[in-house]
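Okay, structure first, notes after.
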Amino acid sequence: MNLQLTRPLCFFDLETTGLNIGKDRIVEICILKFLPNGTKEELVQRFNPEIPVSEEAFSVHGISNEMLKNEPLFKDKALEIFRFIDNADFAGFNVLKFDIPLLTEEFLRVDVDFDVRTHHIIDVQNIFHRMEPRNLVAAYRFYCDKNIENAHSALADTEATAEVLFAQIERYKTTEVEDKEGNTSIPITNKVSDLANFSLFHPFVDLAGHLVYNDKGEEIFNFGKYKGQTAVSVFQREPQYYDWMMKADFPLFTKKVITGIRLRSKMGR
């Protein structure tokens, strides 16, 4: 493996009941943990989601409600999974927009305070799209010159994602990239922090992208009638907007973030 690790790196993939981060549930999780000493650990677990698997989701992963009825609930395995990943950084395909936010929701529902802000996150899809815009199947074919066997199974997709990242590091280790300001650098290195920084398109505040940072490092709304305005100023001027967000169908992590901002707004910061 051509990665420089200072702590474990967990590649993971979720299969779910659907695509709604706030409402849908995990039906299968696969985690491949690469350790700094060169060894690898694996965790694969299915869950009874307690809600039906949508037809759209079933058509992708092939995991039915019948196959899940005798599996444990997420809450029964939450601490085991948390301990497995707690000291690690994360990597995956489209994890910033979907897997990380949905996993965070599952943990918060069972009162496990999982805060990804203390972890580096490498989104292999974002690196791929910035360097060679395509999907995972095409990425695996392009970088590894192979086809994924049993695509859309959690283990096959996770293993393919890991291979793609290793191939990306090798392919782009001397490739210069120009940023918006015209500065050039070689962003693809074997350091997790460099890869995480390059794979992050937007500085999201709340994982789901409802709030982002502006050029001054202030949290601003990324949706609705106050898009582009700082959350602190909106909450100071219209505190009922905070109340509406807390009652509306926003992810739990978004509500956790805006609660911290609301407390700051009351103190005039």
Legend entry - Unmet requirement for C10, which otherwise passes all of (1) of a type in the set (A, V, I, L, M, F, W, C); (2) in a loop (DSSP other than H, G, I, E, B); (3) touching a strand residue (DSSP E or B) at 6+ places or on another chain (Cβ under 7 Å): (2)
Legend entry - Any chance F47 is surrounded by 14 or more Cβ atoms within 10 Å (Cβ to Cβ), over 20 Å from the mean Cα position of the chain (by Cα) and closer than 24 Å to E159 by Cα: no
Legend entry - Given (1) modelled with pLDDT of 95 or more; (2) closer than 27 Å to G92 by Cα; (3) out of contact with any Ser or Thr (no Cβ under 9 Å at 6 or more places or on another chain), index of the condition Y241 fails: (2)
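Yes or no: F204 outside the structural domain of T104 (by TED's automatic domain parsing) and within 18 Å of the chain's Cα centre (by Cα)? Break it down stepwise before answering.
Values: outside the structural domain of T104 (by TED's automatic domain parsing): yes; within 18 Å of the chain's Cα centre (by Cα): yes.
Yes: the conditions hold for F204.
Looking at F142, F90, F166, which one is surrounded by 20 or more Cβ atoms within 10 Å (Cβ to Cβ), in the same structural domain as I63 (by TED's automatic domain parsing) and hydrophobic (A, V, I, L, M, F, W, C)? Give the steps one after another, and end with the answer.
Values: F142 fails: surrounded by 20 or more Cβ atoms within 10 Å (Cβ to Cβ); F166 fails: surrounded by 20 or more Cβ atoms within 10 Å (Cβ to Cβ).
The conditions single out F90.
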Inset, instruction - List every residue pair whose Cβ atoms lie under 8 Å apart, where the two residues are 6 or more positions apart in sequence or sit on different chains, the first residue falls within the stretch 85-114 and is more than 18 Å from L9 (Cα to Cα), and the second residue, located anywhere, is basic (K, R) and part of a loop (DSSP other than H, G, I, E, B). - result: E106/R25
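K33 - would you say it is of a type outside the set (V, I, T), surrounded by 13 or more Cβ atoms within 10 Å (Cβ to Cβ) and in contact (Cβ under 8 Å) with a residue 40 or more places away in the chain?
Working: of a type outside the set (V, I, T): yes; surrounded by 13 or more Cβ atoms within 10 Å (Cβ to Cβ): yes; in contact (Cβ under 8 Å) with a residue 40 or more places away in the chain: yes.
Yes.
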Inset, instruction - Scan D76, D13, D24 and give me the residue that is more than 19 Å from A91 (Cα to Cα) and in contact (Cβ under 8 Å) with a residue 60 or more places away in the chain. - result: D24
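Does I121 satisfy the criteria of being touching a strand residue (DSSP E or B) at 6+ places or on another chain (Cβ under 8 Å) and under 30 Å from K256 (Cα atoms)? Give the steps one after another, and end with the answer.
Numbers: touching a strand residue (DSSP E or B) at 6+ places or on another chain (Cβ under 8 Å): yes; under 30 Å from K256 (Cα atoms): yes.
In short, yes.
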Legend entry - Any pair with Cβ under 8 angstrom, 6 or more apart, that starts in the stretch 169-190 at a residue that is surrounded by 12 or more Cβ atoms within 10 Å (Cβ to Cβ) and at pLDDT below 95 and ends at one that is hydroxyl-bearing (S, T, Y) and assigned to a strand (DSSP E or B): V177/T184; V177/S185
Inset, instruction - Could you tell me whether any residue of the stretch 247-264 is hydroxyl-bearing (S, T, Y) and outside the structural domain of A88 (by TED's automatic domain parsing)? - result: yes
Inset, instruction - Output the number of residues of the stretch 198-229 satisfying the condition of being within 26 Å of I188 (Cα to Cα) and assigned to a loop (DSSP other than H, G, I, E, B). - result: 12
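The values are calculated or read from the model by the stated rules, or taken from the named source; none is laboratory data. Note that the structure is a prediction, hence the values are computed from the model and not measured. Glycine also receives a Cβ, built like all others from the backbone with ideal geometry; neighbour counts cover every protein chain displayed.
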